[in-house]
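> Here it is, the structure, as structure tokens.
Coordinate-derived values only; no laboratory data. Since this is a predicted model, take the numbers as computed values, not measurements. So basically every Cβ, Gly included, is an ideal-geometry build from the backbone, and we count neighbours across all protein chains shown.
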Amino acid sequence: MTRVALVTGGTRGIGASVALALKQAGYTVAVNYGGNDEAAKAFTAETGIPAYKWDVSDYNACVEGIGKVEAAHGPVDVLVNNAGITRDGMFHKMTKDQWDAVINTNLSSLFNMTRPVWEGMRNRKFGRVICISSINGQKGQMGQVNYSAAKAGDLGFVKALAQEGARAGITVNSICPGYIATDMVKAIDPAIIEKNILPLIPVGRLGEPDDIARAVVFLAADSAGFITGSTLSANGGQYMS
């Protein structure tokens, strides 16, 4: 039986690498995306993985979108909550809109996406929920109070839900990437990366999206059933907890 995997924010960056790695591992994969139609079309054309558009901060949109995915591909066995945004700014200048946008997309989306698939996982006695948090949810980051709060909330969500899913064969885990060479990070001035970022990373390089994708494939496997409620740090040694 082929497992069905759904990856949010799955057409670019870490999400795209995760989706492709799961497909290569034998899963039937679908991805969600929020707004970039051109990137989604290019991703599907290149990989053959279907992309579905909806806003993960909207619960009803998630219910409808997941329904379409399951109607086309079967019940979701593996859910990767990867979608996220940043609205950075020092707290004394941060607006309520900046706060709400990040909390709703990066934290509330975990409920919005996981709740609609949870009953099915419980009934089938199998499920894998993997949440992509962040090093900044572990240690905090100046100028990212909203983002750090949301990503720290992701970790609490995982630890609590893992306890509820354990007897039903459902594992719930998180991965905390450090600096990964996505378009967002590569847009930083190379001199700043060389001078201010790389010295903080003991392995001496940025991570690659595939580094995170391999961790997801490991946690998604049927054989990973004894690992739940865990936080896997993938940051090159930058922060050790």
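> With +1 assigned to the C-beta of every Lys and Arg and -1 to the C-beta of every Asp and Glu, and no other charges, what is the dipole magnitude of segment 4-234 about the Cα centre in debye, to the nearest 20?
Dipole of segment 4-234, to the nearest 20 debye: 480 debye.
> Students often forget the sequence filter, so: which lysines lie under 18 Å Cα-Cα from LYS23 once same-chain residues fewer than 8 apart are removed?
LYS41
> For the chain, set up a Gaussian network in which alpha carbons nearer than 10 Å are linked by springs, and say which option among ILE175, ILE188, ILE103 fluctuates the most.
The residue with the greatest mean-square fluctuation here is ILE188.
> Does anyone have the angle between helix 145-165 and the longest principal axis of the chain? Alpha-carbon axes, 0 to 90°, nearest 10?
Its long axis makes an angle of about 30 degrees.
> Would you mind counting up the charge near ARG205? Only other residues with Cβ under 14 Å from its Cβ, with Lys and Arg at +1 and Asp and Glu at -1.
Value of the local net charge: -3.
> Please work out the C-alpha center-to-center distance from segment 13-76 to segment 84-112 and express it in whole Å.
23
> Where in the chain lies the longest segment free of chymotrypsin sites (Phe, Trp or Tyr not before Pro) that are both loop residues by DSSP (not H, G, I, E, B) and have at most 16 other Cβ atoms within 10 Å?
Answer - 1-225.
> Something else about it: Could you tell me the relative contact order of segment 4-234? Use alpha-carbon pairs under 8 Å, at least six residues apart, and round to a whole percent.
Relative contact order here is 21 percent.
> Now for a separate question. For segment 138-160 and segment 176-225, what is the separation of their C-alpha centers, rounded to whole Å?
18
> Same structure again: May I ask which residue of TYR59, ALA40, ILE227 lies farthest towards the positive end of the charge dipole of segment 4-234, with charges of +1 (Lys, Arg) and -1 (Asp, Glu) on Cβ and the Cα centre as origin?
ILE227
> Identify which of ALA71, ALA181, ALA162 has the largest mean-square fluctuation in a Gaussian network model of the chain, with springs joining Cα atoms closer than 10 Å.
ALA71
> Can you give the local net charge around LYS68? Use residues other than it whose beta-carbon is closer than 15 angstrom to its beta-carbon, Lys and Arg +1, Asp and Glu -1.
With Lys, Arg at +1 and Asp, Glu at -1, the neighbours total -3.
> Before anything else, pin down the relative contact order of segment 70-204: Cα pairs under 8 Å, at least 6 apart, normalised by residue count, whole percent.
26
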